[in-house]
Each structure stands twice: as structure tokens, then as C-alpha cells.
1. Counting only residues that are assigned to a helix (DSSP H, G or I) and of a type in the set (A, V, I, L, M), which one in the range 1-29 is farthest from G138 (Cα to Cα)?
2. Looking at this structure, is G52 touching a residue at least 40 places away in the same chain (Cβ under 8 Å), touching a Ser or Thr at 6+ places or on another chain (Cβ under 8 Å) and on the phi < 0 side of the Ramachandran plot?
3. Pull out all pairs, ordered by first then second residue, where Cβ-Cβ is under 8 Å, the residues are six or more apart or on different chains, the first lies in the range 1-16 and is more than 16 Å from N150 (Cα to Cα), and the second is open to solvent by 60 Å² or more (accessible area, probe 1.4 Å).
4. If I go through the range 70-89 residue by residue, how many of them are open to solvent by 50 Å² or more (accessible area, probe 1.4 Å) and closer than 24 Å to V195 by Cβ?
5. Looking only at the range 95-126, count how many residues are outside any loop (DSSP other than H, G, I, E, B) and either open to solvent by 10 Å² or more (accessible area, probe 1.4 Å) or closer than 20 Å to L177 by Cβ (or both).
6. In the list S207, S171, S199, S193, which residue meets the criterion of being assigned to a helix (DSSP H, G or I), under 20 Å from R38 (Cα atoms) and hydroxyl-bearing (S, T, Y)?
7. In the range 174-190, what count of residues is obtained for those that are over 13 Å from the mean Cα position of the chain (by Cα) and assigned to a helix (DSSP H, G or I)?
Amino acid sequence: MDFVHKANTVSDCLLGFKKDESGWKTCKKSNDVIVSWRPSTEFPGNVYKGEGVINGSKEKVWECLEPVPGGLRVKWDNNVKKFELLEQVTEIISVCRTVTPSAAMGIIAPRDFVDVVQIKQYEDGTISSNATNVVHPGCPPQSGFVRGFNHTCGCICVPISGEPNKTQVFSFFQTDLGGLLPRSVVDSFFPSSMVEFYSNLAKAVKSLKDH
């Protein structure tokens, strides 16, 4: 599999999600975040977009979000139990396995996902993580986990001009959880978990800032 080509394609696609504001329907709102959705063109489900401003510099926010083994993400993100590096393809592209815990009061069993991940930096200071599912010989499906599939997804951290201690964060989730889950469970799970994601990210960044 051409991991580099797939990673480049997913980065372009994610940027396209951010730029294209048509067709999004708001499904959840809190003080910190607006979550909206539209039908996915990649699988028979939805793509969800979260958008909010986090109090903290882009560097601090990125330190909490960066998808690396031993990083901070597993400490604060309730939906990430384990993050493993399977292969470092280039300096900015890797293949990783993410393990998620059971959710929705046990209705959603533990899952694992194998993705190619690309870290991209842009001239305006924006930094993003971009991911999509791949097959990797070093990580076949494992017992005890339902293999899920992430379609184009990731996070984009955008510095806010004149506000060095604030960062705009866009997050996109487009996940086929696999297994025989009722659609209603999936549709209620993502918006709620994204609001929680922003709330926990804000707390994680604040705790960094206080050191």
C-alpha cells in the first residue's frame, strides 16, 4: 500500500472539509464547541465537525493533541486508551494503532483502528494531524477488539491573529465503528463525545499552562 500517497490525499481532503462550509447541520452546541454533521461521501455514515476556541497557545494545544506514542492524548482523551506506532514511514507520516475503550454504557465494545497519520504544517502557522484507515501486515484484527475504520479524520489547530494564547481547533470524525451497532447509538455517541473531547482538551491545556 502506498502510505505516502494515501496520507497526502487525506490531508488535502481534511483541508477541504474545513474550507467547504456547505451542507453542515448543527447537532450539538456548548459554550466551548459547535458540533455539526453532514453525510459522508466515503462510507454510509456521517462526517462530524467540531469547532471551538481553546484557551492556550497553539504549541500547548498541539502538545496535547499530537498523535505520538507516549504523548499526552491517552492521558486526557477518554476515547483513546492506547496509541502504538506500527511503522514510521517518513518524518511526518506514520502508521499507528489506536485502541478505544468500551463506550455508551458498554453497548460499544472496545475497538482498535489502524491508520496512516500525517502531520502537516502550513505557512500561516496552522498545524494538523490527518488520518485514515489502512491495512498493515504488522497488525491484523485481534481478539477482544472490534476492528473499526476511520475515514478521513483529524484535527486542525489554527493560530488566532493577535491572540497568541488562544487557538481555534477544528476536529473531524468520520468513523465506521464496525460490528452490528444500531445507527441511533452511533448518531448519539459522536456529538456527545466530541463535546467532551473539547472540554477535556481545554482542561488538559490549562493544566499544562499552570506549570
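1. Across the range 1-29, the extreme among qualifying residues is L15.
2. No; evaluated as a whole, the condition is false for this residue.
3. Between residues of the range 1-16 that are more than 16 Å from N150 (Cα to Cα) and residues that are open to solvent by 60 Å² or more (accessible area, probe 1.4 Å), the close pairs are M1/V135.
4. 5
5. 17
6. So the residue among S207, S171, S199, S193 that is assigned to a helix (DSSP H, G or I), under 20 Å from R38 (Cα atoms) and hydroxyl-bearing (S, T, Y) is S193.
7. 7
For every residue, the table says whether it meets (1) surrounded by 14 or more Cβ atoms within 10 Å (Cβ to Cβ); (2) modelled with pLDDT of 95 or more.
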residue: F149; (1), (2): yes, yes
residue: K166; (1), (2): yes, yes
residue: L177; (1), (2): yes, no
residue: R183; (1), (2): no, no
residue: V186; (1), (2): yes, no
residue: A204; (1), (2): yes, yes
residue: H211; (1), (2): no, no
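The values are calculated or read from the model by the stated rules, or taken from the named source; none is laboratory data. Keep in mind that this is a model prediction, so the values were computed, not measured. Please note: Cβ atoms are built from the backbone with ideal geometry, for glycine as well, and neighbour counts cover all protein chains shown. We work out accessible area using only protein heavy atoms, side chains counted, and drop any ligands, DNA or RNA first. Shrake-Rupley method; radii C 1.70, N 1.55, O 1.52, S 1.80 Å.
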